[in-house]
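Nothing in this text is a laboratory measurement; each read-out follows from the coordinates by a stated rule. Please read these numbers as outputs of a predicted model, since none were measured by experiment. So basically every Cβ, Gly included, is an ideal-geometry build from the backbone, and we count neighbours across all protein chains shown.
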Amino acid sequence: MTTFADLGVDQDILDALAHKGIVDAFPIQEQTIPLSLPGQDIIGQAKTGTGKTFGFGIPVVQRLGAHPEPGVKALIVVPTRELAVQVYEDMDLLTQGRATSVVAIYGGKAYEGQIEQLQAGAQIVVGTPGRLIDLAGP
């Protein structure tokens, strides 16, 4: 089985994953990470629970670097609140050893806290279309 270390993932991300008992990559990750780490665009399809979030999330976090400038650098659009929370949690795990902040933007939560996190310089935004449109409005 291929490990994340075999795929060239940075040590701080390896440590965060290992802390959760995650060492080996799923097939979708084996296929996407080597292509997307250097910046190639990818399209992937896999069943629920097969590691798609880390398949794109690891390259996003690694390409931003350990100390990205404040401000949105990556936008991850998901269809539901539940998925927004799940993807946020995974991205937050990946950024534990970095000066990178992640914010989840979705309906059912107060606007103020989400706006404050954006204004504070969050680099990765995970959001649902409706709330993203609301916040992007005039």
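Packing-based ranking of 114-120, 38-44 yields 114-120, 38-44, ordered from highest to lowest mean Cβ neighbour count within 10 Å. For the chain, the longest principal axis of the Cα atoms and the long axis of helix 52-64 meet at an angle of about 80 degrees. Maximal additional length on extending the I133-T80 stretch stands at 17.7 nm, based on 0.36 nm per residue less the C-alpha distance. Using a Gaussian network model on the chain with a 10 Å cutoff between Cα atoms, which of A46, A18, A104 fluctuates the most? Among A46, A18, A104, the largest GNM mean-square fluctuation belongs to A46. Across every pair of non-identical alpha carbons in the chain, the mean reciprocal distance, once inverted, gives a Kirkwood radius of 15.4 Å. The mean sequence separation of alpha-carbon pairs under 8 Å and at least six residues apart, normalised by the residue count of the stretch 65-138, gives a relative contact order of 46 percent. Using the Cα coordinates of the stretch 1-62, the gyration tensor eigenvalues translate into equivalent-ellipsoid semi-axes of 17, 14, 10 Å, sorted from longest to shortest.
In order along the stretch 30-40, the phi-based Karplus estimate (6.51 cos²θ - 1.76 cosθ + 1.60, θ = phi - 60°) of 3J(HN,Hα) comes to 4, 7, 8, 4, x, 7, 7, 4, x, x, 6 Hz; Gly and Pro are listed as x.
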